[in-house]
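Here's the structure, in structure tokens; my notes come after.
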Amino acid sequence: MSATLLEVENVHGYYGKSHILQGVTLEVREGEVVTLLGRNGAGKTSTVKSISGLLAPRTGRVRFAGTEISGWQPHQIAQLGLALVPENRGIFGLLSVEENLRIAARKRSPWSIKDVYTIFPRLEERRRNGGGQLSGGEQQMLAIARALVNAPKLLMLDEPVEGLAPVIVEEIVAQLKQIRATGIPILLIEQNLAVCTELADRHYILELGRVVYNGTHDEFAADEITKDRYLGVNAH
Amino acid sequence: MIYLFQLVNGIGLGMLYFLLAVGLSIIFGLLHFVNFAHGAFYLLGAYLAYDMIERGLNFWAGLVLAPLVVAALAALTEIVLLRRIYHLPHTFHILVTVGLALMVQELVIILWGPVGGNVSPPEALSGVVMLGDFIYPQYRLFVIVFTMVLALGLWWLLEGTRLGAVVRAGSESTDMVSLLGIDILKVNTAVFALGAGLAGLAGSLAAPIRGVEPFMGVEALGIAFVVVVIGGMGSYTGALVAGLLVGIVQSIMTTLWPEGARLMIYLGMGLVILTMPRGLLGRA
Ligand SMILES: Nc1ncnc2c1ncn2[C@@H]1O[C@H](COP(=O)(O)OP(=O)(O)O)[C@@H](O)[C@H]1O
Ligand SMILES: [Mg+2]
């Protein structure tokens, strides 16, 4: 078994007085793709926000590559190589596609701007367009590309194919496979089970701010009861 | 012919207004911070240049040094005080910065007295040139050329450099900028200091034209807000267009109807607020 890269240990998180994360524990190892599943409002987004410092954990610990990062500022955590592609994609509409990439690009990143244009050819075609002029799928691609040039050691993707047309979903899944093949670990939040099945090694299920299930992909695939109980879907 | 003369005058005045206002506008765009102390930076820039030149420093050295000191003081104020109140409602911004502006103004009166003074333009630019039938001070022509070069440089800084892209990005989402590993607090300080430094420079440049007096900051603040409101909050081009517009209107009015110059400008601002609340070139 490979070394643990990200360790989230009993993290509690609050929005004002509402206690949203109630002791989340999970880990991501080198080279792994792990999904975080769960119904709307379960706390998936809050979990990655607490990892990236946008919602500092009230108690509990987050360790990355052996360094304790709980309580760090978001930019310090990002500089360590923890890259979050947020739910809303966070594309800067006033900046061109290329500027969106340029402000994120770091020399030490394994991916240059040219490299991400190879993975996402649509972005190169639209490099001079404003971020605000992109379609939803293109925005998602740009958000992922921007994380790649930012020298990530672990990617966190919050519902990357949410609300996109099936052809675009297929395109992005193929691109994610290409990225996974480089060995970079990924923590993926996803509602679409078919997508998870294609990409992930392991799954966590979150409910009411707690991890209620943790299993390998094969265990999970065979476990209709769990899928029904926590996700309320009949998987195929 | 008198109109050509006033037009040239208005352009010079307008470029100074642009320098004065552009910082206020960018600071608002990035930090959503309402800065009533902005005129105080202009005041300080003028007085520091005046003081340095009075003490025998070379004019050009004063022109460079005074805005730099203003920028440094602004950075310090931002780090120690202002960044702690960005998250509060605008009324708090106004309270704190009006207080700051008054303190600076009083300090100026204590240090340099209530009367004010004059600054002579540098030797090399103390002559005149002929504009058709009119004689025109060389220094004023210099101000026009210098501010135009500066405006171009600033345009390049905002549109062509990474820092400029980060500033535009920050005006959309500071969280996302942080998620890319950029320390937004440092960017904020840099932008605040830049805006204040430009206001200080406008003050230093204006000193040989209009002299210095302790209340010039209040007047400058009024003009800066008019320019930002007409041009649109957060817009570089807006500040440029509105600065020139206000400068030219004000200048031409001094020939037509001097008493109405100010009325015209505030009337124009009212009209813009009523018809396009975002300003001529403001964005949503
Ligand atoms: N900014 C916020 N302020 C207050 N409550 C929030 C905020 N963001 C999310 N919540 C609440 O926290 C819970 C978890 O939300 P979230 O982490 O977004 O869930 P998920 O991503 O799994 O759909 C929800 O009940 C949601 O209403
Ligand atoms: Mg979510």
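The values are calculated or read from the model by the stated rules, or taken from the named source; none is laboratory data. As the structure is a prediction and not an experimental result, all values here were calculated from the model. In this analysis, Cβ positions are derived from the backbone assuming ideal geometry, glycine residues included, and neighbour counts consider all displayed protein chains. Only protein heavy atoms, including side chains, enter the accessible area calculation; ligands, DNA and RNA are left aside. Shrake-Rupley method; radii C 1.70, N 1.55, O 1.52, S 1.80 Å.
The single condition among (1) more than 14 Å from chain B (Cβ to nearest Cβ); (2) more than 21 Å from A:Gln140 (Cβ to Cβ) that A:Asn40 does not meet is (2).
Each row is one residue, and each column tells you yes or no for (1) within 16 Å of ligand 1 (Cβ to nearest atom); (2) within 17 Å of A:Pro185 (Cβ to Cβ); (3) of a type outside the set (A, V, I, L, M); (4) within 13 Å of the chain's Cα centre (by Cα).
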{"site": "A:Glu30", "(1), (2), (3), (4)": "no, yes, yes, no"}
{"site": "A:Thr47", "(1), (2), (3), (4)": "yes, yes, yes, yes"}
{"site": "A:Arg63", "(1), (2), (3), (4)": "no, yes, yes, no"}
{"site": "A:Gly71", "(1), (2), (3), (4)": "no, no, yes, no"}
{"site": "A:Arg89", "(1), (2), (3), (4)": "yes, no, yes, yes"}
{"site": "A:Arg102", "(1), (2), (3), (4)": "no, no, yes, no"}
{"site": "A:Pro110", "(1), (2), (3), (4)": "no, yes, yes, no"}
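If you go through region B:113-158 and keep only what is aliphatic (A, V, I, L, M), part of a helix (DSSP H, G or I) and over 21 Å from the mean Cα position of the chain (by Cα), you end up with B:Ala124, B:Leu125. Screening B:Ala284 against (1) at pLDDT 90 or above; (2) closer than 25 Å to B:Leu154 by Cα leaves a single unmet condition, (1).
Listed here are the residues, each with its yes/no results for (1) away from ligand 2 (no atom under 16 Å from the Cβ); (2) open to solvent by 40 Å² or more (accessible area, probe 1.4 Å); (3) modelled with pLDDT under 95.
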site	(1), (2), (3)
A:Glu9	yes, yes, no
A:Gly13	no, no, no
A:Lys17	yes, yes, yes
A:Arg39	no, yes, yes
A:Thr47	no, no, no
A:Arg63	yes, yes, no
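Just one residue in the set B:Glu172, B:Glu159, B:Glu123 is surrounded by fewer than 17 Cβ atoms within 10 Å (Cβ to Cβ) and within 14 Å of another protein chain (Cβ to nearest Cβ); that residue is B:Glu159.
Just to check your reading of the model, which residue among A:Leu94, A:Leu188, A:Leu176 is in contact with a strand residue (DSSP E or B) (Cβ under 8 Å, 6 or more places away or on another chain), of a type outside the set (Lys, Arg), more than 29 Å from A:Leu6 (Cα to Cα) and touching a residue at least 12 places away in the same chain (Cβ under 8 Å)? Give the derivation first.
On the way: A:Leu188 fails: more than 29 Å from A:Leu6 (Cα to Cα); A:Leu176 fails: more than 29 Å from A:Leu6 (Cα to Cα).
Among A:Leu94, A:Leu188, A:Leu176, only A:Leu94 is in contact with a strand residue (DSSP E or B) (Cβ under 8 Å, 6 or more places away or on another chain), of a type outside the set (Lys, Arg), more than 29 Å from A:Leu6 (Cα to Cα) and touching a residue at least 12 places away in the same chain (Cβ under 8 Å).
Do you know which of the residues in region B:13-51 that are modelled with pLDDT of 95 or more and among the small types (Gly, Ala, Ser) is nearest to B:Ile252 (Cα to Cα)? Here the answer is B:Gly14.
Within region B:271-284, which residues are free of Cβ contacts under 8 Å to residues at least 40 places away in the same chain, part of a helix (DSSP H, G or I) and surrounded by 11 or more Cβ atoms within 10 Å (Cβ to Cβ)?
Going residue by residue through region B:271-284, those that are free of Cβ contacts under 8 Å to residues at least 40 places away in the same chain are B:271, B:274-277, B:284.
Adding the requirement that they be part of a helix (DSSP H, G or I) leaves B:271, B:274-275.
B:Leu271, the sole residue that qualifies.
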